[in-house]
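Report on one structure; see the data block that follows.
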Amino acid sequence: MRLNRDDVAKMGLMALLSAPPIAFMTFDFMFPNISTPSLEKNLMVVFLISILAAVPSGYFTRRTDLAMVTVFLYTAAGYTLAVALYSAPYTIFDLEQVLPAFYYAMFFRFTVVLLFLFVLGGFIGTVFGQMVRDMIRKEQTGLTFKDGNEG
Amino acid sequence: MAIFERVKKHWITVGMYIVFSLFFLSACIVSANTYGGVAQAQRDIVLESPVESADIVPHGDVNVSFSIQLHNPSRYTLHVYTLSWYAKLVNASSTSDRVIPVGEDYSGPTHYLEVPARTTLTYTFWNVVSDPETMEKLNGFINYSKSLGTDYTLETLPYEHSFSIIAMIGDFQHDYVREGYLNDLVTVELGYSTQEGIR
């Protein structure tokens, strides 16, 4: 897989922009009663949002392999951000943590299943994004030829 | 860089993407802030200054009283679910009347008690023991103790008080059936007993 500087920049930017929805959904899945707005642990909504979050990576990336790597990248970035949010009381709010191993084990145990949803939804979203891009391009090409014929 | 050219070209799509991302980023910040606030509330909401007393009132009855402060420095109102106080005298020498109840009080969820944010509330309970049967037991305990070499009066008897309060933080949902940890997250359970102190 060959990457140029633009590819890396694009993938990095998309990983950054698609990470917040992943982070929020993971955090919300852990604490649906205190998060705002809450998805109430509705896996269908989580799946739909993970499709939506992946649409730009398909739309802006011509190469399918890069689009799929972007899905992995933003899922990892989002999950890391979710762990940071989960640790907020002990890092930002200066509370004392009693059982850190248990605390994080609980988080991974509860949310690990979401990673499959994010990646699966991400792949579907990528394909959907590429389809949308191709449809728009097709329409544009058609319009260009139509304009040319008229002219 | 070519990427900026493409951003310029697709500025509507990129703009929508940024708005989508910022929405979830704000939700993350708000939610993490709430989580921090709730965790701080769990740490900072405490019971303090318990005072136990017993006084002789007219007609020789005894007024057993107890007061304790609930300190809520958090930004959330506490909705009291249950609140209970129980006072007793333990008579270890008796086989039939080992526990002599001298006072009790209870408030359930239907009483809608609240502890506003950033306040300290003092709960005071009392009960005038005038029932001849109970007074007889208390005096019996005093006389029995005297025979063993310990001098008590109705005011100095070793009454044991126990107090407990269960309250919900804010208006967060707390009635999950399977996810008990979510209920625990927004529930404050505090108690006091003469023997164990504040817990």
| task | Answer yes or no as to whether B:Val90 is of a type in the set (A, V, I, L, M, F, W, C), in the same structural domain as B:Glu133 (by TED's automatic domain parsing) and more than 21 Å from B:Arg118 (Cα to Cα). | result | yes
| Is there a residue being without any contact (Cβ under 8 Å) to a residue 12 or more places away in the chain and under 30 Å from A:Leu48 (Cβ atoms) anywhere in segment A:140-149? | yes
| message | Condition check: within 21 Å of B:Thr34 (Cα to Cα), basic (Lys, Arg) and either within 7 Å of another protein chain (Cβ to nearest Cβ) or surrounded by fewer than 24 Cβ atoms within 10 Å (Cβ to Cβ) (or both). Does A:Lys41 satisfy that? | response | yes
| task | Please state which one of A:Thr70, A:Thr91, A:Thr36, A:Thr64 is under 22 Å from B:Gln173 (Cβ atoms) and out of contact with any Gly (no Cβ under 7 Å at 6 or more places or on another chain). | result | A:Thr36
| request: Can you confirm whether segment A:132-139 contains a residue that is surrounded by 10 or more Cβ atoms within 10 Å (Cβ to Cβ) and within 30 Å of A:Asn42 (Cα to Cα)? | output: yes
| query | From the list B:Tyr86, B:Tyr35, B:Tyr81, which one is buried (at least 17 other Cβ atoms within 10 Å of the Cβ) and either of a type in the set (A, V, I, L, M) or within 14 Å of chain A (Cβ to nearest Cβ) (or both)? | reply | B:Tyr35
| field | The listed residue being at pLDDT 90 or above, more than 14 Å from chain A (Cβ to nearest Cβ), closer than 20 Å to B:Val46 by Cα and surrounded by 14 or more Cβ atoms within 10 Å (Cβ to Cβ), out of B:Ile198, B:Ile100 | value | B:Ile198
| said: Go through (1) closer than 22 Å to A:Asp7 by Cα; (2) buried (at least 19 other Cβ atoms within 10 Å of the Cβ); (3) more than 7 Å from chain A (Cβ to nearest Cβ); (4) of a type in the set (Gly, Ala, Ser) for B:Ala41 and report which single condition fails. | reply: (1)
| task | May I ask you to list the residues in segment A:106-128 that are within 13 Å of chain B (Cβ to nearest Cβ) and farther than 16 Å from A:Phe24 by Cα? | result | A:Met106, A:Arg109, A:Gly125
| query | Would you pick out the residues in segment B:106-116 that are loosely packed, with under 15 Cβ neighbours inside 10 Å and part of a loop (DSSP other than H, G, I, E, B)? | reply | B:Gly108, B:Tyr112, B:Pro116
| query | When you go through (1) modelled with pLDDT of 95 or more; (2) closer than 18 Å to A:Phe72 by Cβ; (3) in contact with a Phe, Trp or Tyr (Cβ under 8 Å, 6 or more places away or on another chain) one by one for A:Phe27, which number turns out not to apply? | reply | (2)
| In segment A:57-80, which residues are farther than 27 Å from B:Ile12 by Cα and either surrounded by 19 or more Cβ atoms within 10 Å (Cβ to Cβ) or facing chain B (nearest Cβ under 10 Å) (or both)? | A:Tyr79
| Test for B:Tyr76: is it at pLDDT 95 or above, within 17 Å of the chain's Cα centre (by Cα) and among the aromatic types (Phe, Trp, Tyr) | yes
| request: Could you check, for segment B:124-140, whether at least one of its residues is part of a strand (DSSP E or B), exposed (fewer than 13 other Cβ atoms within 10 Å of the Cβ) and of a type outside the set (Gly, Ala, Ser)? | output: yes
| said: Every residue in segment B:148-186 that is under 25 Å from B:Glu48 (Cα atoms), buried (at least 16 other Cβ atoms within 10 Å of the Cβ) and within 14 Å of another protein chain (Cβ to nearest Cβ), please. | reply: B:Met168, B:Ile169, B:Gly170, B:Asn183, B:Leu185, B:Val186
| task | Kindly list, by first and then second residue, each pair from a residue in segment A:20-48 that is more than 18 Å from A:Gly122 (Cβ to Cβ) to a residue that is basic (Lys, Arg) and part of a helix (DSSP H, G or I), limited to pairs with Cβ atoms under 8 Å and residues at least 6 apart or on different chains. | result | none
| remark: Flagged in segment B:164-198 as farther than 21 Å from B:Arg118 by Cα and part of a loop (DSSP other than H, G, I, E, B), in numbering order, are B:Gln173, B:His174, B:Asp175, B:Tyr176, B:Val177, B:Arg178, B:Glu179, B:Thr194, B:Gln195, B:Glu196
| request: Determine, yes or no, whether A:Tyr90 is part of a helix (DSSP H, G or I), surrounded by fewer than 17 Cβ atoms within 10 Å (Cβ to Cβ) and without any contact (Cβ under 8 Å) to a residue 60 or more places away in the chain. | output: yes
| request: Looking at (1) under 23 Å from B:Ile29 (Cβ atoms); (2) in contact with a helix residue (DSSP H, G or I) (Cβ under 8 Å, 6 or more places away or on another chain), find the lone condition where A:Asp94 falls short. | output: (2)
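The values are calculated or read from the model by the stated rules, or taken from the named source; none is laboratory data. Everything quoted here is computed from the prediction, not taken from an experiment. As a convention, Cβ positions derive from the backbone with ideal geometry for all residues, glycine included, and neighbour counts pool all protein chains shown.
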